[in-house]
1. Scanning the stretch B:132-144 for residues that are within 7 Å of chain A (Cβ to nearest Cβ) and farther than 24 Å from residue A:36 by Cβ, which turns out farthest from the chain's Cα centre (by Cα)?
2. Quick one: is residue B:202 in contact (Cβ under 8 Å) with a residue 24 or more places away in the chain, in contact with a strand residue (DSSP E or B) (Cβ under 7 Å, 6 or more places away or on another chain) and closer than 19 Å to residue B:70 by Cβ?
3. Give the stretch B:34-45 a look and list any residue that's within 16 Å of residue B:235 (Cβ to Cβ) and either within 9 Å of another protein chain (Cβ to nearest Cβ) or in contact with a Phe, Trp or Tyr (Cβ under 9 Å, 6 or more places away or on another chain) (or both), or say none.
4. I'd like to know if the stretch A:211-231 contains one or more residues that are within 14 Å of another protein chain (Cβ to nearest Cβ), under 15 Å from the mean Cα position of the chain (by Cα) and of a type in the set (Gly, Ala, Ser).
5. Does residue B:256 satisfy the condition of being among the polar types (S, T, N, Q) and free of Cβ contacts under 8 Å to residues at least 12 places away in the same chain?
6. Say we look at the stretch A:22-40 and pick out the residues that are without any contact (Cβ under 8 Å) to a residue 24 or more places away in the chain and not in a loop (DSSP other than H, G, I, E, B); which of these is surrounded by the fewest Cβ atoms within 10 Å (Cβ to Cβ)?
7. Just to be sure before I move on: is residue A:309 part of a loop (DSSP other than H, G, I, E, B) and farther than 23 Å from residue A:201 by Cβ in the structure I sent?
8. Look through the stretch B:75-100, keep the residues that are among the small types (Gly, Ala, Ser) and closer than 15 Å to residue B:117 by Cβ, and return whichever of them is surrounded by the most Cβ atoms within 10 Å (Cβ to Cβ).
Number of protein chains: 2
Amino acid sequence: MTVGELGEVGLIAALRAIFDRDRGDVEVGNGDDGLVWVPGQRRVVATIDSVVEGVDWLPERTPAAAIGFRAAAVTLSDLAAMGARPRLLLLALELPLDAPLEPVLAAARGLAALADVCGAAVAGGDVGFSNGPARWTTTGLGDLAGPALTRATAQVGDIVWLIGTVGAAALGLALLRAGPAPTDDGWRLNAVAHHLWPLPQVSAGVGLQRRGGGRWACIDISDGLGLDASRLAAASGVALDLEIPLPLWLGPVGASECEAAGLDWRAACAAGGDDYALLLAAPPGARVDRIVRAAGAAAQRIGRVRPGPAGQVALRVGGRPCEPTGWRHGGAP
Amino acid sequence: MTVGELGEVGLIAALRAIFDRDRGDVEVGNGDDGLVWVPGQRRVVATIDSVVEGVDWLPERTPAAAIGFRAAAVTLSDLAAMGARPRLLLLALELPLDAPLEPVLAAARGLAALADVCGAAVAGGDVGFSNGPARWTTTGLGDLAGPALTRATAQVGDIVWLIGTVGAAALGLALLRAGPAPTDDGWRLNAVAHHLWPLPQVSAGVGLQRRGGGRWACIDISDGLGLDASRLAAASGVALDLEIPLPLWLGPVGASECEAAGLDWRAACAAGGDDYALLLAAPPGARVDRIVRAAGAAAQRIGRVRPGPAGQVALRVGGRPCEPTGWRHGGAP
């Protein structure tokens, strides 16, 4: 059997069976957005993630700075989902020997720019050359003011919130695949910007941790709403009912244009990845919208936690049921 | 200009110019074996490194478990050089879709085995598929009992110590390139074992930190004695005189056999990489040999710190001057 036949989920399970050990100072181990380590008095969150040429970005349509920006975003979003304040990014960079220098430096500036915005220093790293595609692997380290937001604490009756938006990045990628980046139209430009310059919900995550750390459940939506929602539900042993309205950023005009062009905006919302929104479950009465607004972001109620088979997600988008399937990065949703 | 034309050293310098920022809680930033971060009362060391198929190991001659073992060793050795106690490894694993599963799991077991020996848990990670070579990137997190051992604190008059050995891994790689792994001869078997199963000097590093943290200078020898010695000398603003005798593990028989076979054992000692020894500079009177012996390893005096152009290294191996050049991983020294 090859690793491709087993698939990512099966391979991760097989690796976890090899690696899992009890360690006293690891408070949250494998299986969440990051691990929580308590080396002294303070909790530290650590995460690692990669972006790969041809898999996570379209080489011919992506500004170089957006590559580094994305490399920072994927890891900062994992820190955000745990409620950690980002402090450090380490970079392991692998490049083909014939990669032109200037775009690599532009990408590094994109990485530094988003790290700066999010309060993280880029320090420590490793550079290597190989004959494979360019790969930017980042480790994120953040600190926590208290217990982390994990995937495992959603309870029946909780309200489910979406912080940020879904579907925009997937439609942006589809538009870029079809032609050069649009410059003249509201929803198209918005969608492409969401794909190229994803902004992780760092401030919202920190704010939510301060109120709900250890109780509210959170995951970042990087692999599609349906798949990531089912991960949160599985980790918490609950089921979810979710309903996404027509997204504000798309509007009726964009929705009808999508339909005319054969772009399935409902599938993009249900299964499109790379939006780096957060999905949160919190008890009724938690003022999630107020906390998120204070962090300069927007939260909307999109559903409820109910009893049911662990991991089950019933998802409706724009009034119609949608399959809560996942997303292949760089592929069509 | 391509990144290959600029080279690794130039690219790292260009990236550092982009990333370098002052951060109050980063005690040691870019340019050492790891970074030192102080999130609360305790110091944390973080490092990141990768091993790549075809670059860091010979695919057809390397047992699968040795691949994961090496992936752990490169990062644990960086922690050792800072004097940190390893606590966590995060793994970002990238594989071709058609990679057979069983060797990947064997490699993961090799990684877990060395992590266990060194006291580190493997927790947190990321798995991805691409059309490039297999790559195992590990981030190491360790804690420090006090100030780190850095490269920058060697002083004129210090004694230079070698903890572990040099040259064995490079000769082992040369033997593996020439044919199947030997099973019958002392020095050959020893050399191949050094290449396949490098043991980082973790206990020695922790012991040395407790006595010399913040004053003794240390670097891990992963890119060759000459190159890594010049890095320590450059960071400390000093010059080094080093003299390596005929290594005990090689002995006169091995040395004469090398010469008969055209294997240059002096070059292997001067510039061969992947031994994961430590190079340490400490004041005369420091009982380095006793500390290292208590950690179950061996230290030998190999030189002295002298005034001179920063980074200059005068190196003699087996009684003859050798060029202190570096090492291309997986390449001939």
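The values are calculated or read from the model by the stated rules, or taken from the named source; none is laboratory data. Please read these numbers as outputs of a predicted model, since none were measured by experiment. Cβ sites come from the backbone with ideal geometry, for glycine too, and all protein chains shown count toward neighbours.
1. Filtering the stretch B:132-144 for residues that are within 7 Å of chain A (Cβ to nearest Cβ) and farther than 24 Å from residue A:36 by Cβ, the one farthest from the chain's Cα centre (by Cα) comes out as B:132.
2. Details: in contact (Cβ under 8 Å) with a residue 24 or more places away in the chain: yes; in contact with a strand residue (DSSP E or B) (Cβ under 7 Å, 6 or more places away or on another chain): yes; closer than 19 Å to residue B:70 by Cβ: yes.
Yes, satisfied.
3. Keep residues of the stretch B:34-45 that are within 16 Å of residue B:235 (Cβ to Cβ), which gives B:34-36.
B:34, B:35, listed by residue number.
4. Yes, the stretch A:211-231 has at least one match.
5. Working: among the polar types (S, T, N, Q): yes; free of Cβ contacts under 8 Å to residues at least 12 places away in the same chain: yes.
Answer is yes for this residue.
6. A:26
7. Judged against the criteria, residue A:309 is a match.
8. Per the criteria, the residue is B:80.
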